[in-house]
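A short reminder: the numbers here are calculations on the coordinates, not readings from a lab. Keep in mind it's a predicted model, so treat the numbers as computed, not measured. Cβ placement follows ideal geometry from the backbone for every residue including glycine, while neighbour counts extend to all protein chains displayed.
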Amino acid sequence: MNWHEYVAETGEIPAWPYPLEYGNEKVIESDVLVIGGGVAGCRAAIAALKRGATVAVADRGFSKRSGEGGAGVDHWHGAVTNPCSKITPERYSEAAMETTQGYTNGLARYIIGKEGYDTLLEVEQMGVQIRDEDDEFKGSIFRDDETKLMFAYDLENKHCLRIYGYNIKPAVDKEMRRLGADVYDRVCITSLLTEGGRQGARVIGATGVSDRTGLFYIFKARAVVVSSGRTVRLWSFAPEYTESQSMCNINQTAMGHTIGWRAGAELIMMEQVVPHRLSGMGYAPYSTGNNNNTYQGAPTVDKNGKEVHYATAFGELVYDEKDIFMPSEEGSFVIGHGIALDHGQMPKYKITVTDPKLGEKLRSGEYEQPFYTDFTLLSEQSRRLIFGMMLSNEGKCRVPVYKTLTAWGYDPDQDMLQYPVADYGPQGLIDSSWAGAGQTPAKWKMGGGGFLTDWRLMTSLPGLFAAGCGPLPSQGCHGESHTAGRYAGRQAAVFALKHEAVEPDPEQIAKEKARVLGPVQRGGDVSWKEMNAAVARLMQDYCGDYKTEYTLDMGIRRMKDLMETEGERMYASNPHELARAIESLSLAELGIAYMQAAKARKASCPVLGFFRNDYPDSPEEWHCFVAVCQKDGEVQSRKVPCDYYLQEPYSPVLEENYRKYAELD
Ligand SMILES: Cc1cc2nc3c(=O)[nH]c(=O)nc-3n(C[C@H](O)[C@H](O)[C@H](O)COP(=O)(O)OP(=O)(O)OC[C@H]3O[C@@H](n4cnc5c(N)ncnc54)[C@H](O)[C@@H]3O)c2cc1C
């Protein structure tokens, strides 16, 4: 029975189905606490458990399917050491740095290059298919017949694998639980606990609230891994309209960033603001025609069946299927597609795209819209690979798209998929229509940034480790998140087993509990949705494309006003609304962190998409990260070289650092 049927039958709305436990406390003790049970979090838990630590995991959803990776995956990036790859971990890290002019995470990319394939082999042991075991694609250009591995994006260098990952999240979740993780689902972590309750001190736990019962959780831990993902609700908020459609989910509030900011951790790249490509304004992923990502290689035709060709990143048309999957420059390799390196990327590392002159050709009458994806032009094997194997494993696609389309009679052997009419990107290109690139309002943005870490992936706060997409700056995909999670979990276990537990400060806990329970205890007239929408509007107005010191100061002041006025009038009618209210307040705080980071960079930085009208130039002295943090409530900032991980006290040699810090034993 659905909601509507229940209400129609009974004439009333259902009572809250869980016991209310507002004000009650539950204390959990473990060596390691993992905040966020997405793929990074599950892998962190597994690694820490294998190192002999006891582990608690708190997840905002149900960790069997929660997070961006909960609904599957078809591409595994960073399998750099697989037997067919021509890329080394050094090259992977160095190319990532080169293509973004240093504004990425060269350190994490080296670790991922070293361990990404091993991390994948472990999920194979857990029951996830990573090879063409049934020889369905034998002889295909995408397959190595000896290992049966299948490649995507770059058939020359073979470092990104096609995998059958529809069940990957249940598999890692099951393994984490089998090894003994103490998992708390539907708990929203609200703050970090620090030694003596001080900002900038060692992290010794966290607090949380159940979104079913309102029970207040106190997690005590010797080390904490933050793997709570990125945010999608900061510059935009239209959940009824957007959340069911595209890539993101409503639990993504980057709470890890906010609680780290409040606890005094240093954050970098927080001034980066990029267009919100995955806004939810698009269609269900791959339900419409397109030739991007999962559908890379799918042919496009116009109304009259005339084929639109792919082109290299230098604009040269390619006609052969294999050339669509080759680097744009000989000797280079494809890096960056889907791994948060898109900003300012050098063409030689870019993937092939739709003919960049398509807009022009359309206007001249050479092509006529609408356009279609025409799988029939592919060989039977390639058609089955893209529409069958890839689509049915990609996140959010197996049931809503693949099964629905086929159940309703769509047949790729004879039918085409139409592109949305006039779905063109800024240069008149057909863009990835499923992601909403062309449909998203210009002011809807996404922020970058995350924790500054050392070679152990430990943040500037002792005992706090960062992992996964979001907490690790400029790290943005599935395989990378597993790998960084696995590494951070190992490190957290080692830290925990070397450090004594510290009792949290009761005052810090009491203060946080009062803050968290505010919306149910004091009542009010502002809902969490109104609050979130107001935060998003402020971010659009004051932290958009063009910034000045004056407007940023205004934005910070307005956000603080919002928190102190409407924020104090928020109400929550049940634990679900309570957790959402806390998230909305946390988004306001995160917005302030973004604006403080923007204030700290006194220069523009085109590669980060960061422009200040009062500092239009990008002088060399500002070619660096700007680390921001709070100390005793005051904002502090400092410059950090983009390659800090190769400078004193570290070795200039990647491998030496890895050997020294990786805790391989
Ligand atoms: C539809 C879709 C398809 C994708 N396909 C691919 C692909 O083919 N290849 C690829 O490389 N990448 C892909 N990605 C990206 C990839 O899935 C993500 O990069 C990856 O899942 C990130 O993992 P994570 O664990 O770091 O973050 P997430 O998976 O987002 O997990 C974060 C977790 O933190 C929890 N959380 C959040 N806030 C709190 C809080 N306050 N308290 C407690 N818990 C909290 C959430 O519930 C969630 O479980 C895809 C993403 C989507 C959405």
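How much net charge surrounds Phe314 when only other residues with a Cβ under 14 Å from its Cβ are counted (Lys, Arg +1; Asp, Glu -1)? Result for the local shell: -2. A viscosity of 1.306 mPa s and a temperature of 10 °C, combined with the Kirkwood radius over C-alpha pairs in the Stokes-Einstein formula, give region 140-185 a diffusion coefficient of 122 µm²/s. Val494 sits among other residues whose Cβ lies under 14 Å from its own Cβ, and their net charge, with Lys and Arg +1 and Asp and Glu -1, is +4. Cβ crowding within 10 Å, taken as a proxy for footprinting-reagent exposure, orders Glu124, Glu5 from fewest neighbours to most as Glu5, Glu124. Mean separation of Cα pairs under 8 Å and 6 or more residues apart, divided by the residue count, gives the chain a relative contact order of 20 percent.
Each listed q (0.12 Å⁻¹) maps to a log10 I(q)/I(0) for the chain from the Debye sum over equal C-alpha point scatterers, namely -1.35. Taking every C-alpha pair closer than 8 Å and separated by at least 6 residues, the mean separation divided by the residue count of region 123-210 gives a relative contact order of 21 percent. Every helix of 4 or more DSSP H residues in the chain counts as -39500 (n - 2.57), and over all residues that averages to -9000 deg cm²/dmol at 222 nm. For region 510-641, averaging the sequence separation of C-alpha pairs within contact (under 8 Å, six or more residues apart) and dividing by the residue count gives a relative contact order of 26 percent. Derived scalar couplings between HN and Hα for region 16-27 equal 4, x, 10, x, 8, 10, 3, x, 6, 10, 10, 9 Hz in order, rounded to whole Hz, by the Karplus curve 6.51 cos²θ - 1.76 cosθ + 1.60 (θ = phi - 60°), x for Gly and Pro. Put simply, the amide H of Val209, placed in the peptide plane, has neighbours under 5 Å in Cys188, Ile189, Thr190, Tyr217, leaving out anything fewer than 5 places away on its chain.
Farthest toward the positive end of the dipole of region 298-362, out of Leu362, Leu341, Pro327, is the Cα of Leu362, where the dipole comes from beta carbon charges about the Cα centre. Computed from Cα atoms, the angle from the helix 506-521 axis to the main principal axis of the chain rounds to 70 degrees. Restricting to DSSP loop positions (anything but H, G, I, E, B) with no more than 10 other Cβ atoms inside 10 Å of their own Cβ, which GluC sites (Glu not before Pro) remain in region 136-196? Counting only loop positions with at most 10 other Cβ atoms within 10 Å, the GluC sites (Glu not before Pro) in region 136-196 are Glu146. Under 17 Å of direct C-alpha separation, and excluding same-chain neighbours fewer than eight residues apart, Lys361 reaches these aspartates and glutamates: Asp302, Glu307, Glu316, Asp423, Asp431.
If you bin all the Cα-Cα distances of region 317-418 at 10 Å, starting from zero, the percentages per bin are 12, 31, 37, 19, 1.
Cβ crowding within 10 Å, taken as a proxy for footprinting-reagent exposure, orders Arg65, Arg233 from fewest neighbours to most as Arg65, Arg233. The slack in the chain from Val399 to Met554, taken as 0.36 nm per residue of separation less the alpha-carbon distance, amounts to 51.2 nm. Shown in residue order for region 362-369 are the 3J(HN,Hα) couplings computed by the Karplus curve 6.51 cos²θ - 1.76 cosθ + 1.60 at θ = phi - 60°: 5, 5, 7, x, 5, 10, 10, 7 Hz (x for Gly and Pro). The length gained by stretching the chain between Lys26 and Asp134 to full extension, at 0.36 nm per residue less their Cα-Cα distance, is 33.9 nm.
As a rough footprinting exposure proxy, the listed residues His337, His309 were ranked by other beta carbons within 10 Å of their own, and the order from fewest upward is His309, His337. In a reduced charge model with +1 at each Lys and Arg Cβ and -1 at each Asp and Glu Cβ, region 510-641 shows a dipole moment near 280 debye about its Cα centre. Of the residues Thr104, Gly78, Ser66, the one whose Cα sits farthest towards the positive end of the charge dipole of region 47-126 is Ser66 (charges of +1 on Lys and Arg Cβ, -1 on Asp and Glu Cβ, taken about the Cα centre). Scalar couplings 3J(HN,Hα) for region 568-575, obtained by applying the Karplus form with A = 6.51, B = -1.76, C = 1.60 to θ = phi - 60°, are 7, 9, 6, 10, 9, 8, 7, x Hz; x denotes Gly and Pro. Assuming charge only on the beta carbon of Lys and Arg (+1) and of Asp and Glu (-1), the dipole of the chain about its Cα centre is about 1340 debye to the nearest 20. Each principal axis of the Cα cloud of region 512-665 was taken in turn, and the coordinate range along them, longest first, works out to 57, 49, 26 Å.
Peptides 589-601, 49-61 ordered by packing proxy, namely the average of other Cβ atoms within 10 Å per residue, highest first: 589-601, 49-61. Charge dipole of region 160-296 (Cα centre as origin; +1 on each Lys and Arg Cβ, -1 on each Asp and Glu Cβ, all else neutral): 320 debye, rounded to the nearest 20. Near Thr231, the amide H atoms lying under 5 Å from its own belong to Ala254; only residues 5 or more places off or on other chains count, and H is placed 1.01 Å from N.
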